[in-house]
Structures are given as structure tokens and as C-alpha cells.
Amino acid sequence: MVGVCCGCVAKPASVQPRKTYNTLVPQLFAGEPAATDEAIDSSTRRKIQKLQEYVQANPAKIPKVSRRLMRRIAATLLNPGANLGHVKVAVHAYIYMLARSTDDVSSYSPGFFAQEVVLGPDSVVPLLLKDVHIEMRTLGAELLAVFTRVQSHVDCHLNAIQVHVPQVCRAAQAALSAGRKEQRLQEAAGRRQQGGKLVVPNPLDLVARRDPAHVAALEVACLRCLGELVALCRRSRVLPQHLSDILAVMLDILRAFDRGLGAGSEVLQEPGTLATAAVPPAAGAGLTAAAGS
């Protein structure tokens with residue numbers, strides 16, 4: 001019998017060392033997904049922190065980690081069911097890692113996540129902003145706001161960010177128009193029934209059926225995103241590409257609040273909430289400066 005070199009025989013899969021990111025990422029989604037309007041529990045937060053510590057020590061693995069998060073989000077949005085809470089966890093993992101990228105001792109920059117967040121054909125931000133669930137649109141605006149805020153002069157993706165501004169503006173306008181709920185529901189019902197055939201409703205019409213708090217959260221997230229964009233353009237000394245759309249959204253919001261018809265206006269005006277600090281005072285000044293430049 002011909003001798004066999006034992007060193008050439010592959011080890012069984014059960015005893016081969018498993019790649020760490022293949023363990024850390026799935027651990028984020030272990031167990032039942034939480035509701036999208038619930039806070040992330042402490043156990044999941046610790047898992048997110050552990051994942052960030054791993055990418056901090058192994059920045060070369062960030063593309064693999066980021067792709068796995070993106071695939072989880074895309075797969076869940078295709079078949080949401082009761083798993084939308086997993087999308088929230090994945091987005092908050094992105095947000096946490098992006099926020100820590102600005103630390104003085106950080107071994108990676110926000111650009112490590114750009115392909116999966118804003119650049120790629122299946123990137124996360126446009127997937128979320130065009131989703132029919134208002135909570136997903138809110139997460140998309142929040143993620144884009146954080147990605148915009150952490151940009152630096154050395155590694156800046158301003159052009160890629162501005163591509164998604166029209167979607168943010170449409171989402172904000174849809175949230176504002178939700179105050180006319182009865183009228184919008186009647187229009188949506190008329191579009192759904194054409195010639196006795198059921199047609200797919202416009203996803204923006206679905207915003208009018210949501211809880212006012214969810215609508216207000218979307219509005220605040222869009223305002224925060226637009227404010228961060230204007231601030232980034234001001235730091236970069238360039239004029240926003242969609243300045244007219246941004247100004248139109250801001251004017252619509254001011255008119256709605258003056259009439260008391262803003263979507264979720266009571267929530268936005270409640271002191272001590274996240275909404276009151278959503279758009280920094282410098283955002284309005286930045287818009288005025290951008291318009292006059």
C-alpha cells in the first residue's frame with residue numbers, strides 16, 4: 001500500500017479554527033428580534049462593543065464584517081416578517097463602529113465601511129430609505145447622518161453622500177404630509193382601486209398610517225441628516241448639490257409648525273426629548289450661509 005503523508009490530510013471541519021468574525025456577527029442576531037420601537041438591550045450592546053473591539057484590532061477584516069451586516073439587512077428587508085429588529089441591531093452596529101472611527105487611537109477610518117453603506121449598488125442606506133416601513137427609513141436617515149458627521153478632509157465621501165439626499169428629502173416631505181391623514185388615505189384608496197383591480201399603493205402613502213411618534217422620528221432623522229450634510233459642505237467649502245430641495249424641506253417644516261400641522265409636532269416640541277436636540281443650532285446657520293455663498 002502506498003504510504004500517505006498524514007500532514008497532507010485536511011483536518012475535519014469540526015476541529016478547524018473558525019474565523020472570529022463568523023462568530024461575532026451572527027451573535028448579534030441570536031434569539032428573538034426585539035421590536036423596532038424598543039431600545040437595544042444591554043446584552044446586544046455588549047456584543048456590538050465586542051465586535052467593534054475586534055475590528056479595532058483587525059481592521060483588515062472590516063470589509064468581511066461590513067458585508068455580512070449588509071447581507072443580513074438586505075435579506076431581512078426582502079422577507080421582513082417579525083425580524084425587522086435584526087435590521088435595527090445591524091444598523092446600530094454600523095453606527096457604533098462609525099462613531100468610534102473618530103477616536104484618536106482608532107485603527108480604521110469611516111471609509112472602511114463606505115462600500116457597504118453608501119457606495120455599492122446594494123448599499124445599506126438606499127435600501128433603507130426606499131423601504132415601505134417607516135422605521136426602516138428612519139434608520140436609513142440616522143445611518144447616513146452618522147456617516148456624514150464622521151467624514152474628514154483626508155477621507156471624505158461627500159459626492160457619494162449627496163447622491164442620497166433626494167431620497168432623504170422625499171422621506172422628510174412624506175413625514176410632513178402625514179398630518180393630512182384623512183385626505184392621504186382617501187387618495188391612497190383611490191389609487192389602490194383602479195378599474196376594479198388591486199394595485200400596489202405608493203409606499204409614501206403608507207407613512208400616513210403610522211403612529212405619530214414614528215412619523216416624528218422619521219422627520220427628526222431626516223432633519224438631522226440634512227443638517228449634517230450642510231455642515232460637511234460648509235467644512236469642505238462647497239455648495240450642496242441639492243440645496244434647493246433642502247431649503248424647500250426646511251421651509252415646509254417651518255410653515256407646518258407655524259400652522260401647527262407638522263407631523264408629530266407635539267412630539268417634536270416636547271422638551272427634554274431626543275427631538276429637541278436632533279438638529280443642532282448650527283444647522284440653520286449653515287443653511288443660511290450655504291444659500292448666500
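The values are calculated or read from the model by the stated rules, or taken from the named source; none is laboratory data. Note that the coordinates shown come from a computational prediction; the quantities given were computed from them, not determined experimentally. Heads up, the Cβs are rebuilt from the backbone with ideal geometry, glycines too, and the neighbour counts pull from every protein chain shown. Surface areas here come from the heavy atoms of the whole protein model, side chains and all, with no ligands, DNA or RNA. Shrake-Rupley method; radii C 1.70, N 1.55, O 1.52, S 1.80 Å.
Taking every alpha-carbon pair under 8 Å whose residues sit at least 6 apart, segment 53-124 reaches a relative contact order of 36 percent. Local charge sum around Q173 (other residues, Cβ-Cβ under 11 Å, Lys/Arg +1, Asp/Glu -1)? Counting the neighbours of Q173, the net charge comes to -2. Near L77: Cβ cut-off under 13 Å, other residues only, Lys/Arg at +1 and Asp/Glu at -1. The net charge is +2.
Compactness check for segment 54-138: Cα Rg over 2.2 N^0.38 Å is 1.10. Mean separation of Cα pairs under 8 Å and 6+ residues apart, divided by the residue count of segment 91-139: what relative contact order is that in percent? 19 percent.
Reducing segment 46-78 and segment 81-126 to their Cα centroids gives an inter-centroid distance of 8 Å. Ordered by solvent-accessible area of protein heavy atoms (1.4 Å probe), largest first, the residues T148, T23 come out as T23, T148.
The packing ranking of peptides 221-230, 95-104, highest mean first, is 221-230, 95-104, where packing means the average number of other beta carbon atoms within 10 angstrom of each residue. For segment 98-175, a simple Cβ point-charge model (Lys and Arg +1, Asp and Glu -1, everything else neutral) yields a dipole of about 260 debye relative to the Cα centre.
Averaged per residue, what accessible area in Å² does segment 70-158 show with a 1.4 Å probe, protein chains only? It would help to have the intermediate numbers written out before the result.
Working: 3440 Å² over 89 residues.
Per residue, segment 70-158 has 39 Å² of solvent-accessible surface.
Counting only protein heavy atoms and using a 1.4 Å probe, the accessible area of K47 comes to about 60 Å². In segment 17-164, the ratio of gyration radius to Kirkwood radius, Rg to Rh, stands at 0.94 when only Cα atoms are counted.
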